[in-house]
Amino acid sequence: MTQEIELDTVIRRRIRGLRLARGWSLDALAARCWLSPSTLSRIETGHRRIALDQLVPIARALGTTLDELVESPADEDVVIRPEPEHARGVTTWLLSPERDLHGMTVAKMRFTEEHPSGRDRLAVHPGREWFTVLSGTARLHLGERTLLVEAGHAAQFSTMVPHSIGAHGGPVEILTIFDRDGERAHLHAGDPVAPGGTGTESAPGP
């Protein structure tokens, strides 16, 4: 019974929090979910029992799902315990379940100079990519350019441009965000090949 009351309180706070995050008044949300402002107010404050037929339109209006709205906080595994995955010259730790990031994957990657990342190893795939360097210096081949990204700096780019990331002058660790296409291309596929060019420049800071 106590767990049901706690979940009920969490649901009410989620409704109010999502509404306020969108800058909506009670009237604005009520108009979107076909409830009266007074009914919605009593739901948020705990003065009215929450009914399933009310939660469905509320969740839809707030741009979330019923499952996310009523998910028990106790079901969430807060601590992520990544297992390292090793390939030639690169170790990867997946830091986020894909389902929690709407198709995005956060990973920590450690490259050594053994990792094949030259201009004959450039990848192309839909989307965009972002990474920040935690330690060392990353060498980013991007089209005809070679950029050196130092610790504390970040890079973001269209992945339709041929690209590869590797270590420069020693091991480098990065924190990166992939979309679905980027995860498949960099974490689950072989080494794609694309034509490259020449040129070297320093990467700007974030």
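What to note about this one:
- Identity of the residue in region 92-112, open to solvent by less than 20 Å² (accessible area, probe 1.4 Å) and not aromatic (Phe, Trp, Tyr), that ends up modelled with the lowest pLDDT: Gly103
- If only residues of region 113-158 that are among the hydrophobic types (A, V, I, L, M, F, W, C) and open to solvent by 30 Å² or more (accessible area, probe 1.4 Å) are counted, the one that is nearest to the chain's Cα centre (by Cα) is Trp130.
- For region 28-48, the count of residues that are modelled with pLDDT of 85 or more, closer than 30 Å to Gly166 by Cα and among the aliphatic types (A, V, I, L, M) is zero.
- Within region 134-151, the set of residues being assigned to a loop (DSSP other than H, G, I, E, B) and at pLDDT below 95 comprises Gly143, Glu144.
- Of all residues in region 19-48, those satisfying the criterion of being of a type in the set (A, V, I, L, M) and exposed (fewer than 13 other Cβ atoms within 10 Å of the Cβ) are Leu20, Ala21.
- Criterion applied to Ile80, Ile43 was being part of a loop (DSSP other than H, G, I, E, B) and touching a residue at least 12 places away in the same chain (Cβ under 8 Å), and the one residue passing it is Ile80.
- Filtered residue count, region 10-25, keeping only those that are under 14 Å from Gly46 (Cα atoms) and without any contact (Cβ under 8 Å) to a residue 40 or more places away in the chain: 3
- In region 159-175, the residues that are open to solvent by less than 10 Å² (accessible area, probe 1.4 Å) and within 13 Å of Arg110 (Cα to Cα): Gly166, Ala167, Val172, Ile174
The values are calculated or read from the model by the stated rules, or taken from the named source; none is laboratory data. Since the model is a prediction, treat every value here as computed from it, not as a measurement. Glycine gets a Cβ as well: all are built from the backbone with ideal geometry, and neighbour counts include every protein chain shown. Just so you know, the surface numbers come from the protein's heavy atoms only, side chains and all, with ligands and any DNA or RNA stripped out. Shrake-Rupley method; radii C 1.70, N 1.55, O 1.52, S 1.80 Å.
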